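Here the structure is laid out as structure tokens; the discussion comes afterwards.
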Amino acid sequence: MRIRSKAFYEKAIKAIPGGVNSPVRACKAVKSDPVFFEKGEGAYLIDVDGNRYIDYVCSWGPLILGHAHPEIIANVYFASKKGTSFGAPTWQEVELAEFIKSCVPSIEKVRLVNSGTEATMSAIRLARAYTKRKKIVKFEGCYHGHVDSLLVKAGSGLATFGIPASPGVPEELTAHTLNLPYNDFEKVEEAFKQYGEEIAAVIVEPVPANMGVIPPKEGFLQFLREITQKYGALLIFDEVITGFRLGLSGAQGFYGITPDLTCLGKIIGGGLPVGAYGGKAEIMDMVAPEGPVYQAGTLSGNPIAVAAGLATLKELAKPGTYEKLEALASKLEEGIKEALKDLDLPYRVHRIASMLTLFFTDKEVINFETALSSDTEKFAIFWQKMLEKGIYLPPSQFEAWFVSLAHGEEEIENTVEAVYKVLKKMHKD
Ligand code: KE4
């Protein structure tokens, strides 16, 4: 039972819209009240009622080391003893910038901000200034934060330019945004044939994780690299999730593609608010105060957040880290696939590195439209029953499960056993 959670939720909805500070946390998609948590320990979360769960949300990606990692705690503690913010440069910001540059070769200069949204919003503005063009291409189902010009209804395709996906976004702000099907070579080709000289940039999650994990088709990222180069548009990799998740050089290292600009977030803050955008010096030098493109932030490069980020990246840079994550995540994937086979269930499992999604559909999932064929009612029941078994999954069919370095064999085995038992109960009993 989650009696205290429920009581907190009843108070929360009187003070905070929906009782949460970010919509997905409300667990509406899984027809549940949100669980209020007291603390995290490694791979575990403990809720306010004392229930313990193996956590696959990992704060939606940042906690690749697990909860309350000693290195992060120590660095945050010692940094906070020196003060929490100066509104002036600190050497730690330079150290983090240099660390990111050393891991991501396409980043010659980087600007720290406070969230992934700020990173993508700034990268879009910079791309438009650098190319002196207005149009932006994004992909249906890819989420880049709540940037006005990127909150575009899916399905607008080529027929019409961006239709706002949210009230409060004037159509003028989405009028220059094209929302195309992911993995669709022809539609991208068509868009460039029609608007090529007007397109400032293509922004893409190189491995989308906001419609569930969907790998790029063979050659799709290379195709985007070539067609943007051909028409003088910039290629922006939104690596807020994949950055330092797929390896120290993110998806661009994993697939060997060099974007013009990269957006980062989540992991580089180690659970504290850090985002970043970076790329070629020639482009980045247009950013104020070096250049005319304005972007600013009171707490950008905040010493406490930077301390958490630096501690995280230094741990990730230790030998064997990504091999361990790969071994754990592939064990989880194989275990789920075995369960599906034993139960003769046609569901799909997609995994890239230490992020994965179990799609409740028998269709091949290659884009947003096919992801939507998933049975979200069934997913909601699955989520609720997994919670009862002590497994905390992202409360949406269209998100990624994250494995951290704090997960071990035991956690993976317990999760696979729970998946088997829940799916069996749902489908066979
Ligand atoms: P933030 O502004 O939430 O830090 O980052 C926005 C963002 C940008 N780009 C990508 C690829 C992202 O996934 C995100 C945010 N991700 C969501 C869920 N996948 C965060 C969870 C939430 O909105 O509460």
**Study point:** Among (1) out of contact with any helix residue (DSSP H, G or I) (no Cβ under 9 Å at 6 or more places or on another chain); (2) in the same structural domain as Glu411 (by TED's automatic domain parsing) - the single one Ile54 does not satisfy
**Key:** (1)
Study note, to complete from the structure: Of (1) closer than 30 Å to Ile73 by Cβ; (2) among the β-branched types (Val, Ile, Thr); (3) surrounded by 14 or more Cβ atoms within 10 Å (Cβ to Cβ), Thr298 satisfies every one except (3)
Review point. Of all residues in segment 1-18, which are of a type outside the set (A, V, I, L, M, F, W, C) and either under 29 Å from the mean Cα position of the chain (by Cα) or surrounded by 10 or more Cβ atoms within 10 Å (Cβ to Cβ) (or both)?
Key: Arg2, Arg4, Ser5, Lys6, Tyr9, Glu10, Lys11, Pro17, Gly18
**Study point:** Pair list, Cβ < 9 Å and 6+ apart or interchain, from segment 14-25 residues that are more than 7 Å from the ligand (Cβ to nearest atom) and among the small types (Gly, Ala, Ser) to residues that are open to solvent by 40 Å² or more (accessible area, probe 1.4 Å) and not in a helix (DSSP H, G or I)
**Key:** Gly19/Asp33
Revision key, fill the gap. Note on segment 225-265: residues among the small types (Gly, Ala, Ser), more than 14 Å from the ligand (Cβ to nearest atom) and outside any loop (DSSP other than H, G, I, E, B) are Gly253
Practice item. From Gly301, Gly278, Gly309, grab the single residue that is assigned to a loop (DSSP other than H, G, I, E, B) and either touching a strand residue (DSSP E or B) at 6+ places or on another chain (Cβ under 7 Å) or not β-branched (Val, Ile, Thr) (or both). Key: Gly301
Study note, to complete from the structure: Those residues of segment 396-417 that are more than 18 Å from Gly40 (Cα to Cα) and in contact with a helix residue (DSSP H, G or I) (Cβ under 6 Å, 6 or more places away or on another chain) come to a total of 3
Exercise for review: Tell me the helices (runs of 4 or more DSSP H) entirely within segment 112-202 that contain at least 1 residues that are within 16 Å of the ligand (Cβ to nearest atom), of a type outside the set (Ser, Thr, Tyr) and assigned by TED's automatic domain parsing to the domain that holds Val240.
Suggested key: 116-131
Practice item. Go through Ser80, Ser85 for me and flag whichever is farther than 29 Å from Glu326 by Cα, outside the structural domain of Ala406 (by TED's automatic domain parsing), more than 16 Å from the ligand (Cβ to nearest atom) and touching a helix residue (DSSP H, G or I) at 6+ places or on another chain (Cβ under 6 Å). Key: Ser80
Practice item. Find all pairs meeting these conditions: Cβ atoms under 7 angstrom apart; at least six residues apart or on different chains; first residue within segment 272-290 and more than 30 Å from Ile73 (Cβ to Cβ) and open to solvent by 40 Å² or more (accessible area, probe 1.4 Å); second residue of a type in the set (Gly, Ala, Ser) and at pLDDT 95 or above. Key: Asp285/Gly291; Met286/Ala129
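The values are calculated or read from the model by the stated rules, or taken from the named source; none is laboratory data. On a predicted model such as this, the values are computed, not experimentally measured, just so you know. Backbone-built Cβ (ideal geometry, glycine too); neighbour counts: all protein chains shown. Heads up: the accessible areas ignore ligands, DNA and RNA and are worked out on the full protein's heavy atoms, side chains in. Shrake-Rupley method; radii C 1.70, N 1.55, O 1.52, S 1.80 Å.
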